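Visitor: Below you will find the structure I want to go over with you.
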Amino acid sequence: MQDDYQKTLEEAQTKIGACADATGLKAIEREYTGKDGVVQALLASIPSLPPEERRGVGQGANQLKQAVLEALAGRESELAQVSLAAERKGEGYDPTLPPAAVQRGSLHPVTMVMREVEDLFQSMGYSVLDGPEVELDYYNFEALNFPPDHPAREEYDTFWCDREGKLLLRTHTSPVQIRTLERLKPPIRAIVPGRVFRHEELDASHEHTFHQVEGLVVDEGVTVGHLTGTLKSFLRELFQRDLDVRLRPGYFPFVEPGFEFDIRCPFCEDGCRVCSKTTWVEFCGCGMVHPNVLRAGDVDPEKYTGFAFGFGLDRLVMLRYGIDDIRHFMGGDLRFLEQF
Ligand code: FA5
């Protein structure tokens, strides 16, 4: 009987030794140790054997199973070594195969529209300027004609960066007006796209970190007509059609007169959720640059006039793509971002 087991084991070992892949080894494992395999057949025969033989057959079957499993594991690790060595030698490497596909990201919708806005203004002769996100109180407020205790400061809930109240995260892109006037001489035609920060109650249209685009034009003889004409041309290009616009009086200490510039809702004719049933959507704050601001930038207000505007880029992107909640932009949800 022992000889029979030995013979069966040797047969199994020969097959295992000749086998060159994992699928073959799995088949041998099934043949010997599976539920219809050789070992199971031996165990199934036990009840029909004379009692004195049963114990020996049971032990023999278990030893056979153990030995087959060990031989299989040994061959498996041999094959793994062989394939690793081949890989290290560069065997099987085909440099002509295409590389594995790399999952590519896409531009953020705010970046896409920002680039479009920059292109449109550049085509109208504007420069694209930049300014610091951590700003001095002087540029964010004081030089923009907000004296220290001015109530208009209340409109801008601010993140302060120091205890003295001199350094802050800029609440708007308007400080770059002053920085630009200090550095460049008129005629000036510039836009300043950038990130701004406010300590806000967050909701579908308010974020603590968002983007604005500032516009500044200073030259001799600049009027409100130039301001409205410029914004209308810009919007016509952006929405590819003429939109009705209107100016309402608006207060910003750094412009005089100051306006709120509204556009007719691009989504409806008689009121919808986007325009809160008014058919008008607020587009930006704007106005004629205040003489004090020109003076702060060392520009003579007797000789030069200018206009400035500042719109929220995120809200424009929402209008452009019909996005209903500003918080998607920084939510980091790929299901949102992958749609662009
Ligand atoms: C200003 O920030 C002025 N600096 C604009 C300006 C520039 C006026 C030049 C005159 C001359 P206001 O606080 O209204 O204005 O903000 C401008 C735009 O930023 C708003 O119309 C809105 O689109 C956007 N905005 C304001 N607060 C938020 C917010 N929390 N989240 C997203 N967008 C906002």
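The values are calculated or read from the model by the stated rules, or taken from the named source; none is laboratory data. In this text the structure is predicted, and so the values were computed from the model without any measurement. A quick note on method: Cβ atoms are made from the backbone with ideal geometry, for glycine too, and the neighbour counts reach across all protein chains shown. Note: accessible area is taken over every heavy atom of the protein model, side chains too, but ligands, DNA and RNA are not part of it. Shrake-Rupley method; radii C 1.70, N 1.55, O 1.52, S 1.80 Å.
Visitor: Which of the peptides 31-40, 94-103 is most tightly packed, and how do the rest follow, going by the mean number of other Cβ atoms within 10 Å of each residue?
Guide: Numbers: 31-40: 15.7, 94-103: 5.1.
So the order, starting with the most tightly packed, is 31-40, 94-103.
Visitor: Net charge near Leu243: determine it from the other residues with C-beta under 14 Å of the C-beta of Leu243, scoring Lys and Arg +1 and Asp and Glu -1.
Guide: Once positives and negatives cancel, what remains is 0.
Visitor: When you count, for each residue, the other Cβ atoms within 10 Å and take the mean per peptide, how do 260-267, 314-321, 160-167, 194-201 rank with the highest first?
Guide: Going from most to least packed, we get 314-321, 260-267, 194-201, 160-167.
Visitor: Report the calculated FRET efficiency for Arg273 and Ala80 (r = Cβ-Cβ distance, R0 = 56 Å), to the nearest 0.05. Write down the numbers at each step before the final one.
Guide: Numbers: r = 62 Å, r/R0 = 1.10.
With a Förster radius of 56 Å, E is 0.35.
Visitor: To continue, here is another question. Restricting to the chain, what percent of DSSP beta bridges are antiparallel, rounded to 5?
Guide: Antiparallel bridges make up about 95 percent of those DSSP assigns within the chain.
Visitor: Which Cys residues of the chain have no other Cys beta carbon under 4.7 Å away?
Guide: If one checks each Cβ against the other cysteines of the chain, Cys19, Cys161, Cys284, Cys286 turn up with nothing under 4.7 Å.
Visitor: Right, something else. So what's the back-of-envelope 222 nm ellipticity for the chain, counting only DSSP H runs of four-plus at -39500 (n - 2.57) apiece and dividing by all residues, rounded to 500?
Guide: The helix contribution divided over the chain gives -13000 deg cm²/dmol.
Visitor: Please report, largest first and rounded to whole Å, the three semi-axes of the ellipsoid equivalent to the chain, where each semi-axis is the square root of five times an eigenvalue of the C-alpha gyration tensor.
Guide: Ellipsoid half-lengths, sorted descending, are 80, 22, 21 Å.
Visitor: On a 1.4 Å probe surface of the protein chains, which of Leu247, Leu64, Leu169 comes out largest in accessible area, and what is the full order?
Guide: Values: Leu247 65, Leu64 5, Leu169 45 Å².
Descending accessible area places them as Leu247, Leu169, Leu64.
Visitor: As an exercise, identify the trypsin sites (Lys or Arg not before Pro) in segment 94-156 lying in DSSP coil whose Cβ has no more than 16 other Cβ atoms within 10 Å.
Guide: Arg104
Visitor: Turning to a different aspect of this structure: Tell me, what is the FRET efficiency for Glu182 and His108 to the nearest 0.05, using R0 = 30 angstrom and their Cβ-Cβ distance as r?
Guide: FRET efficiency, Glu182 to His108: 0.40.
Visitor: So what's the gap between the Cα centers of segment 38-64 and segment 186-265, to the nearest angstrom?
Guide: Value for the Cα centre distance between the two parts: 91 Å.
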